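Q: Mind looking over this structure? Questions follow.
Quick note: the coordinates plus some simple rules give every number you see, no bench work behind them. Being a predicted model, the structure only gives us computed values, none of them experimental. Please note: Cβ atoms are built from the backbone with ideal geometry, for glycine as well, and neighbour counts cover all protein chains shown.
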Amino acid sequence: MIKLLKNIFANQNSIGEEQDIKDLELLCGLMIEAAYTDGEIDKNELKKIKSSLIDIFEEKPDQVDSVLNQAIKNKIIPNPFTIIHLLSIKIFLMIKSFYS
């Protein structure tokens, strides 16, 4: 019986840790997307993202470094939806300035 309970709790902890990493990846990805709205990510934005994840969301620094590095590598590949979004904003601003 005790062995069964230990196994159940061990599985719950491993599932919890996996979910925590997935949540961190999602949060980090959203922050990277937000920082990339101007078409680039600078070092100050990365520092702010990292400090926010560690200080505000109380994530482990080593996990933050790992997930942040992976998110940056993934962001190097252009996202067509981000490009379309940026172009639509520029077109909207051009039209707005034309009619102003």
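Q: Determine the distance separating the Cα centre of region 27-44 from the Cα centre of region 54-73; give it in Å without decimals.
A: 14 Å
Q: At Ile91 and Glu40, where each label point lies 7 Å from the Cα along Cα→Cβ, what is the point-to-point distance in nanometres?
A: Going by the 7 Å Cα→Cβ label model, 2.5 nm.
Q: Hey, which aspartates and glutamates would be in cross-link range of Lys22, C-alpha to C-alpha under 16 Å, not counting anything within fewer than 8 residues on its own chain?
A: By straight Cα distance, Lys22 reaches Glu58, Glu59, Asp62, Asp65.
Q: Moving on. On a 26 Å Cα-Cα criterion, which of the cross-link pairs Lys43/Lys96; Lys47/Lys96; Lys43/Lys73; Lys48/Lys96 come out too long?
A: Working: Lys43/Lys96 32 Å; Lys47/Lys96 35 Å; Lys43/Lys73 14 Å; Lys48/Lys96 33 Å.
With Cα atoms farther than 26 Å apart: Lys43/Lys96; Lys47/Lys96; Lys48/Lys96.
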